[in-house]
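Below you'll find the structure, written out as structure tokens, and then a few comments.
The values are calculated or read from the model by the stated rules, or taken from the named source; none is laboratory data. A quick note: this is a predicted structure, and the numbers were derived from the prediction, not measured. A quick note on method: Cβ atoms are made from the backbone with ideal geometry, for glycine too, and the neighbour counts reach across all protein chains shown. The area values use the complete protein model at the heavy-atom level, side chains included, leaving out ligands, DNA and RNA. Shrake-Rupley method; radii C 1.70, N 1.55, O 1.52, S 1.80 Å.
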Amino acid sequence: MVNNNAKRITKKKKFENLKKLVFVCALCIIILVTATYAWFTGLEAVSVEPFEIEVSAADSMEVSLNGRLWSDNIKITEEGITNNVQGEYGDAINQKAYYGNTNNWPTGEEDKKGLYPLSTIGQMDKTASRMIFFGKSSLSTSPGGYKLLSSRIDNYQYATEPDYEQKFTGYIAFDLFIKNFSGTKYITGPESDNSFEEAIYLTTDSEVKIDESGVASSGIQNSVRVAFAQVGRVSAYNTNEEIITGMTCTDHVDASNSLNNTTGLCRKAQIWEPNDKDHVSAALAWYNKSCLKRIAAPMEDSSYVKPEAVLSEDDQCKPIKKVLKEGGNADNPDDYEYKPLQTYAIAREIKYTDSVKVDIYDGPDYNRYQGNTIEEVDYYAQDESDRIQPLVAYDYFTDTEKNLVGKDRPTFITLAPNSITKVRVYVFIEGQDIDNFDYAQVGKKVSVKFGFTKQRFTTDDVEVDDDLKEHLPDDVVPTRNN
């Protein structure tokens, strides 16, 4: 009887491994925060220590850093992604990035070293094939918080020059090539049509957390964002490294060899917000202390509710409510979570000459600020004054969505069958996130891990009897269907 139970447990463990059946891409990043600055004041930047990324793939998926070596499992280091030595590729597991890459590890000039808060709604600069970021250019106290001026981060003027970005930016960026050979034909549909593409899901074990050596109560882990920007794609049968690595937002047509034809994608990035229901008490105290509700457009004392008049929720900045988790025990403090709070990210430069003055807490959920939705945004509108409002309620892909099950589980990204897609991955700190406050710098180390899968359902969603489980394999390796 004991042996039968042990056997049953072994079978169960084997089957649990199948949760990552089709494609899993795991990224683990260790970020060392020594002195972050939030929007609110102006402390110096966040330093970043070396990190290792593990990427694995299964069932018709392979990944690469250089378009030459393809594997279902690779390890990535700072040295690997910033490599710019011609002819160096590493091995299939310990790959190096392609020569001439513009991957970014922000360890340039001392005053530009490390991560520092930025803001973005994931729009792409189609000329430079880069995501558009904004940084804080000025911040002064206002009656209801802090008045914000913002300028665009210069990651675009010389975007094709190796090492250019790391001298000026405060984020991590690298090109990851994903080969999806589940189909037998490469479909060359337009960028705007993804109806023929395959759904990819974010794995439920994806997470961002404070490392054991850090301070979890700092909350810096709740301000981290990971963006996935699809730049371009080409047929999976293509073996020309220059064509693969050189893909941009612009279509490339080769009349002599259609296999070299590429499709420029440049879609708005999918941005993952982990820990959307988590807030630390210090951040909430900072928010409650500094935010005052604005009831009129001008940014002056008479436009805000007087502190002594704050008697009800209607008179306050929108409160962040703590609620009991589904199935939680009311007597257990760990069974509570915070209601997600909308982040209003920066969508354009905010200048001192603008007629609209912006408070960092502005947004319909805060000070009755009427901004745009993401659907209304056009960064490239001809008339800047009509372009967009400065803040946008950005719809992140959240941990709440990641944890949905069955038919409720939403698609994270889509990939064309029988294709190689160039995806630029960004790791950054969102400056407009409420947890990005002055004392968050003591967090020290943040660990980031994410994965992709084509499997919408897991063993928790579908019942499989023990006889079938006994005959299932431990793992599934990539198999070509061409």
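Scan region 331-351 residue by residue and report those that are open to solvent by 60 Å² or more (accessible area, probe 1.4 Å) and modelled with pLDDT of 85 or more.
Asp331, Lys351
Would you tally the residues in region 251-298 being farther than 29 Å from Tyr237 by Cβ, touching an Asp or Glu at 6+ places or on another chain (Cβ under 7 Å) and at pLDDT 80 or above?
The number of residues fulfilling the criteria is 6.
Conditions: (1) modelled with pLDDT of 80 or more; (2) within 21 Å of the chain's Cα centre (by Cα). Ala159 meets all but one. Number of the miss?
Every listed condition holds for Ala159 apart from (1).
Quickly run through region 299-330 and pick out the residues that are of a type in the set (S, T, N, Q), open to solvent by less than 70 Å² (accessible area, probe 1.4 Å) and at pLDDT 80 or above.
Ser303
Take region 172-204 and flag every residue that is within 23 Å of Trp70 (Cα to Cα) and of a type in the set (Phe, Trp, Tyr). Please lay out each step first, then the result.
From region 172-204, those within 23 Å of Trp70 (Cα to Cα) are 172-188, 197-203; that's our starting set.
Across region 172-204, the qualifying residues are Phe174, Phe177, Phe181, Tyr186, Tyr201.
Go over the candidates Ser256, Ser281, Ser235 one by one and state the one that is without any contact (Cβ under 8 Å) to a residue 40 or more places away in the chain and either farther than 27 Å from Ala347 by Cβ or out of contact with any Pro (no Cβ under 6 Å at 6 or more places or on another chain) (or both). Please lay out each step first, then the result.
Values: Ser281 fails: without any contact (Cβ under 8 Å) to a residue 40 or more places away in the chain; Ser235 fails: without any contact (Cβ under 8 Å) to a residue 40 or more places away in the chain.
Unique residue meeting the criteria: Ser256.
Every residue in region 352-368 that is at pLDDT 50 or above, in a loop (DSSP other than H, G, I, E, B) and of a type outside the set (A, V, I, L, M), please. So that I can check it myself, show each step before the final result.
Taking region 352-368 and keeping what is at pLDDT 50 or above, we get 352-364.
Cutting the leftovers down to in a loop (DSSP other than H, G, I, E, B) gives us 352-358, 360-364.
Correct list: Tyr352, Thr353, Asp354, Ser355, Lys357, Tyr361, Asp362, Gly363, Pro364.
Filtering region 296-345 down to residues that are among the β-branched types (Val, Ile, Thr) and within 27 Å of the chain's Cα centre (by Cα), which residue is farthest from Lys147 (Cα to Cα)?
Residues of region 296-345 among the β-branched types (Val, Ile, Thr): 305, 310, 320, 323, 343.
Going one step further and asking which of them are within 27 Å of the chain's Cα centre (by Cα), we end up with 320, 323, 343.
Details: Ile320: 22, Val323: 31, Thr343: 17 Å.
Looking at residues that are among the β-branched types (Val, Ile, Thr) and within 27 Å of the chain's Cα centre (by Cα), I get Val323.
Those residues that are in a loop (DSSP other than H, G, I, E, B) and free of Cβ contacts under 8 Å to residues at least 24 places away in the same chain, I need them from region 298-315; list them, please. Reasoning before the result, please.
From region 298-315, those in a loop (DSSP other than H, G, I, E, B) are 298-300, 305-306, 310-312; that's our starting set.
The answer is Val305, Lys306, Val310, Leu311, Ser312.
Would you point out which residue out of Ser235, Ser195 is surrounded by fewer than 19 Cβ atoms within 10 Å (Cβ to Cβ), over 21 Å from the mean Cα position of the chain (by Cα) and among the hydroxyl-bearing types (Ser, Thr, Tyr)?
Selected residue: Ser195, the only one of Ser235, Ser195 that is surrounded by fewer than 19 Cβ atoms within 10 Å (Cβ to Cβ), over 21 Å from the mean Cα position of the chain (by Cα) and among the hydroxyl-bearing types (Ser, Thr, Tyr).
Can you work out which of the residues in region 88-126 that are closer than 20 Å to Lys422 by Cβ and aliphatic (A, V, I, L, M) is modelled with the highest pLDDT?
Of everything passing the filter in region 88-126, Ala97 is modelled with the highest pLDDT.
Hey, does region 271-278 have a residue that's part of a strand (DSSP E or B), under 20 Å from Phe452 (Cβ atoms) and of a type in the set (Asp, Glu)? If you could, list the steps in order and put the result at the bottom.
We begin by selecting, within region 271-278, every residue part of a strand (DSSP E or B); these are 271-273.
Of the ones still in play, those that are also under 20 Å from Phe452 (Cβ atoms) are 271-273.
With of a type in the set (Asp, Glu) added as a condition, the list becomes 273.
There is at least one residue in region 271-278 that is part of a strand (DSSP E or B), under 20 Å from Phe452 (Cβ atoms) and of a type in the set (Asp, Glu).
Could you please let me know if Asn194 is assigned to a loop (DSSP other than H, G, I, E, B) and in contact with a Leu (Cβ under 8 Å, 6 or more places away or on another chain)? Talk me through it step by step, then tell me what you get.
Values: assigned to a loop (DSSP other than H, G, I, E, B): yes; in contact with a Leu (Cβ under 8 Å, 6 or more places away or on another chain): no.
Answer is no for this residue.
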